[in-house]
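No value in this document is a laboratory result; all are computed from the given coordinates. Just so it is clear, the structure is predicted and the values come from calculations on it, not from any experiment. A quick note on method: Cβ atoms are made from the backbone with ideal geometry, for glycine too, and the neighbour counts reach across all protein chains shown.
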Amino acid sequence: MTQPQARTTLPVENWRKDFPILDQSVSGHPLVFLDSAASAQQPQSVIDAVARYQQEDHANVHRGVHTLSHRATDAYEGARDKIREFINASSRTEIVLTSGTTESINLVAQSFCRPRVGPGDKILITHLEHHANIVPWQMVCEQTGAELVVAPIDDDGQLELDALRALMTDDVFILAMGHVSNALGTINPVKEIVAEARQRSIPVLVDGAQGVPHMAIDVQDLDCDFYAFSGHKMFGPTGTGVLYGRESLLDAMPPYQGGGDMILEVSFDGTVYNDLPYKFEAGTPNISGVVGLGAAVDYLLSIGMDRIAVFEQQLHDYMVAALSEIDGIRLVGTARDKASVQSFLLDDIHSHDLGTILDHQGVAIRTGHHCAMPVMTRLGISGTARASVALYNNRDDIDRLVQALGKAQQIFS
Amino acid sequence: MSQQSDDLYDLYRELILDHARSPRHFGRLENATHEAAGINPLCGDKLRLYLQIDADDRIADTSFEGTGCAISVASASLLTDTVIGQPVAAAEAYFESITRRLTGTEPADLDARLEKLRALDGVREFPSRVKCATLAWHALYSALHKHDQPATTE
């Protein structure tokens, strides 16, 4: 990824102050939050939007004729339109609102794949995947007799592209891959891979949970068939998510869950399903959450994803340089193209012991297998410590991380 | 030192670090009569405990192998030090005692033989790590009772 030449003075303090949760102490030290890859913090504007909706606008959506119901529907559908624009989908009928990436992927697995695959068919994923992009496919394979095929990675945590190409055979029904690895930070060349898959008529689902927070996403440019992501990883509320799907595919897919709102007419003689995208949105949605997600989109656009990407890259470079100077550090995940997520190990210290000691210094990192057990097994380790950087972090945070790691070494020396 | 600092040094005190770095009775026991695995898959702690119980119902020999965090390894090492040469009934009692002590609000009184296990007391201030400390003990229980499934404390 080439770095833009502009050296903007990044108004770091302005962004950090938007996040009230960061202003607290943990174990007697100011909190250093380096776990955004697990869940990002919400800016005040998102918190306010949710509260304002609950205080002033709440009613059930779509069904009412009264004023509050109209306001709630406008807020909810307004958020859908913001999301469409955020990822440059061509139509709002292609934006299905879900409870998160996991539900989005399960929807595609059950609704797109399950009715159509059987013995002799293959579902292709990669060795980098998060469990959310593994287990739904394992389930479909078990249900239908299809076979799961896994594309390999190298020791740096990069996809072996030649091997992946060779696995794109005629019997592959779908390719499901992550945009960015949550465990290793690897950015996959999604656009290039999608182009090759399309040449072979293989639809592609992209797990964008870690993509959307770190860069501008243009689903038309990527040309993927499905793109799934979560609200809470992009500074929005938990319990929200999106499945972008190519309209022609969504149209042909049977509903995933049945209930209210996804129907036009119900009788015991037959039921008529609703149009897109409502066909896939059964029941009362997480309205206040989606309103918050819309506000998160507004917040990110007010800064600009490209600007955020540059900032994160610079801070990530600083973090990698600082970590590399520590005697006994082992960086795990050293792909050429990376997002601001860094796994590592330190001497012989188990990552859980690192995590506990760091927490004691007020530094929050994540430890373990990060819901990517196959990645860990492939690299011959049981887990890692992982520090992930977002727009509210700064060099001080990295310095504190390094200090805390020093203390861990002291204790274990 | 602040209270929090005390807690950390309590958890990672010398005895624990020593046992973690140089675990006692480490390795496979060839003539084991009882054995059991203890696995916390979400955590990455994985150990196997071996016991050799003789005709007098005494733990003549014991060992363990595996990988895991300092707490889980130290606890397993202290366990082997504690139960070796002891009657099975005593080992059962130690299991009850130590697991209650680590997970309960009231510290159970410790048998004189368990004095070294006071080193694990620090874990009570770190709730997410209690399972690391109790894993080996649940493996002990499984081994004594010949359970088929690996023990887990998750």
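Points to keep in mind about this one:
- Filtering segment A:267-306 to residues that are surrounded by 13 or more Cβ atoms within 10 Å (Cβ to Cβ) and part of a strand (DSSP E or B) leaves A:Thr271, A:Tyr273.
- Candidates A:Gly118, A:Gly157 - the one that is outside any strand (DSSP E or B), touching a Gly at 6+ places or on another chain (Cβ under 6 Å) and closer than 24 Å to A:Ser230 by Cα: A:Gly157
- Helices (runs of 4 or more DSSP H) completely within segment B:62-154 that count 2 or more residues being within 14 Å of chain A (Cβ to nearest Cβ): B:70-83, B:130-144
- Count of segment B:36-60 residues which are among the charged types (D, E, K, R) and surrounded by 19 or more Cβ atoms within 10 Å (Cβ to Cβ): 2
- Taken over segment A:149-201, the residue count meeting the criterion of being surrounded by fewer than 16 Cβ atoms within 10 Å (Cβ to Cβ) and touching a Cys at 6+ places or on another chain (Cβ under 6 Å) is 0.
- Taking segment B:98-143 as the range and being farther than 20 Å from B:Pro41 by Cβ, of a type in the set (D, E, K, R) and touching a residue at least 60 places away in the same chain (Cβ under 8 Å) as the test, the residues that pass are B:Lys116, B:Asp121, B:Glu125.
- Of everything in segment B:20-38 that is hydrophobic (A, V, I, L, M, F, W, C) and touching an Asp or Glu at 6+ places or on another chain (Cβ under 7 Å), the residue that is nearest to the other protein chains (Cβ to nearest Cβ) is B:Phe26.
- Residues satisfying the stated conditions in segment B:57-81, i.e. out of contact with any Lys or Arg (no Cβ under 7 Å at 6 or more places or on another chain) and either of a type in the set (Val, Ile, Thr) or free of Cβ contacts under 8 Å to residues at least 24 places away in the same chain (or both): B:Ile59, B:Thr62, B:Val73
- The set of residues in segment A:335-349 that are within 13 Å of chain B (Cβ to nearest Cβ) and not in a strand (DSSP E or B) comprises A:Asp347, A:Asp348.
- Number of the exception - A:Glu129 against (1) charged (D, E, K, R); (2) in contact with a strand residue (DSSP E or B) (Cβ under 8 Å, 6 or more places away or on another chain); (3) surrounded by fewer than 19 Cβ atoms within 10 Å (Cβ to Cβ): (3)
- Selection count where residues are within 20 Å of A:Met234 (Cβ to Cβ) and surrounded by 13 or more Cβ atoms within 10 Å (Cβ to Cβ), scope segment A:13-38: 13
- A:His352 satisfies every condition listed in (1) within 14 Å of chain B (Cβ to nearest Cβ); (2) of a type outside the set (Asp, Glu); (3) without any contact (Cβ under 8 Å) to a residue 24 or more places away in the chain except (3).
- Residue check, A:Ala339 buried (at least 20 other Cβ atoms within 10 Å of the Cβ), in contact with an Asp or Glu (Cβ under 9 Å, 6 or more places away or on another chain), among the hydrophobic types (A, V, I, L, M, F, W, C) and touching a residue at least 40 places away in the same chain (Cβ under 8 Å): yes
- Residue within segment A:389-406 that is at the interface with chain B (Cβ under 10 Å from one of its Cβ atoms), buried (at least 24 other Cβ atoms within 10 Å of the Cβ) and not hydrophobic (A, V, I, L, M, F, W, C) present: no
- Filtered residue count, segment A:360-378, keeping only those that are surrounded by fewer than 21 Cβ atoms within 10 Å (Cβ to Cβ) and more than 9 Å from chain B (Cβ to nearest Cβ): 6
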